[in-house]
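Have a look at the structure below, then the notes.
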Amino acid sequence: MKARRIVLLALISGIITTGIFYIVMNQTAPSSSNPTEQTEVVEVVAANTDIAIDQKITDENLNTKEVPKDQVHTESVKEKEEVIGKFASADIKAGEVIMNHRIRTKEEVTDVVSRKITENKRGVSVKVEFEESVSNLTAPGDYVDVMSNVVLDKSIPLIETDLILEKVRVLAVGERMVEKKDGDVEKTYMTVTLELSKEDSVELVHASELGSIHLALYSKVDSVEEKDPEKESGEKQEPDEKEKDNEESEAKIGDEKDTRFVTTPERSIIRKAPQLTAPVLTVVDQGTALLFLNDQETDDDERVWFKVKTNKKKDGWVSSRIVKHEDE
């Protein structure tokens, strides 16, 4: 009797278990078999490599990846063409989804650079050969010395190198490719934008037309700008006695006949006319004696120029600001 009861209970349990299994299977089967219930994904553009701030974005910097639709940010870029040729407004890490608000157009980059320029300064761009300079190490905010290389005689070859500007601020750096000619090696150049005074801007542009430009990079410690006492106090500082003497001597010097001047900078430019835009006649070393030819001119910037004769019998013009009387 007990055996029959046990068999009956086992049979009932089996029927119940089978029924429950059938119900559960019927409930889960439609959701797994229906493709419309699968997670929907969207293809977005991501960084294939690290992209630095202000870097121009190329196809090599980008790839695409699929992201669940419900996780896609509204600012996510969907097509590579939307960002190729534009510039990053912030550092973007490899694998990071590209966002529209982190991209600038060329015009927007120019506007940003213009707002970085100090009052009464100019932003001047110049081409610097990538392989032969520190341009690949230079970043916006750095300070550099600027040197020019001028080939005087290609047959020797004779090259003249001058330090033309010291400790100038870098505003922007951009890489440019120059198309190679037959038989030439393809070269990469950096277009570096520097913050300069009006006079230094003219000097740099002129030097770049005469030859190649090279940069010497300052360390981050040396790049800290010296504090301006006028800006700190809010009061205009009076020139010291030495500055007054220099101003007075600039006005008086040149009145005498047979006057000789001596150049004070390490390298001084003698020009063909009394203005900063005039072609360079020659470059002389510090301490070179120049014979005053009893003629002087004042340019539009109130800069006094003396007509002089060099020790090589060349007649030209030198700024009164870079010479002193031979007897001083």
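The values are calculated or read from the model by the stated rules, or taken from the named source; none is laboratory data. The structure presented is a predicted model; accordingly, all values stated were derived computationally and were not measured. For neighbour counting, all protein chains shown are included, and Cβ atoms are generated from backbone atoms with ideal geometry for every residue, glycine included.
This table checks each residue for (1) in contact with a Lys or Arg (Cβ under 6 Å, 6 or more places away or on another chain); (2) modelled with pLDDT of 50 or more; (3) within 29 Å of Pro140 (Cβ to Cβ).
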{"residue": "Glu186", "(1), (2), (3)": "yes, no, yes"}
{"residue": "Glu235", "(1), (2), (3)": "no, no, no"}
{"residue": "Ser249", "(1), (2), (3)": "no, no, no"}
{"residue": "Ala278", "(1), (2), (3)": "yes, yes, no"}
{"residue": "Thr288", "(1), (2), (3)": "no, yes, no"}
Every pair of residues 6+ apart whose Cβ atoms lie under 9 Å, when the first sits in the stretch 49-67 and is in the same structural domain as Arg104 (by the TED database) and of a type outside the set (Val, Ile, Thr) while the second is at pLDDT 90 or above and in a helix (DSSP H, G or I): Asp50/Asn61; Gln55/Asn61; Asp59/Lys80; Leu62/Lys80; Asn63/Lys80
Set Thr288, Thr264: member being surrounded by fewer than 16 Cβ atoms within 10 Å (Cβ to Cβ), outside the structural domain of Asp162 (by the TED database), under 15 Å from Glu328 (Cα atoms) and among the β-branched types (Val, Ile, Thr): Thr264
Candidate set from the stretch 267-285 (those that are assigned to a strand (DSSP E or B) and among the hydroxyl-bearing types (Ser, Thr, Tyr)); member that is surrounded by the most Cβ atoms within 10 Å (Cβ to Cβ): Ser268
Failed condition for Thr49, given (1) modelled with pLDDT of 80 or more; (2) in a helix (DSSP H, G or I): (2)
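Please specify each residue of the stretch 188-206 satisfying the condition of being closer than 30 Å to Ser319 by Cβ and at pLDDT below 80.
Step one: filter the stretch 188-206 for residues closer than 30 Å to Ser319 by Cβ, giving 191-206.
Once the filter is applied, which keeps residues that are closer than 30 Å to Ser319 by Cβ and at pLDDT below 80, the stretch 188-206 yields only Thr191.
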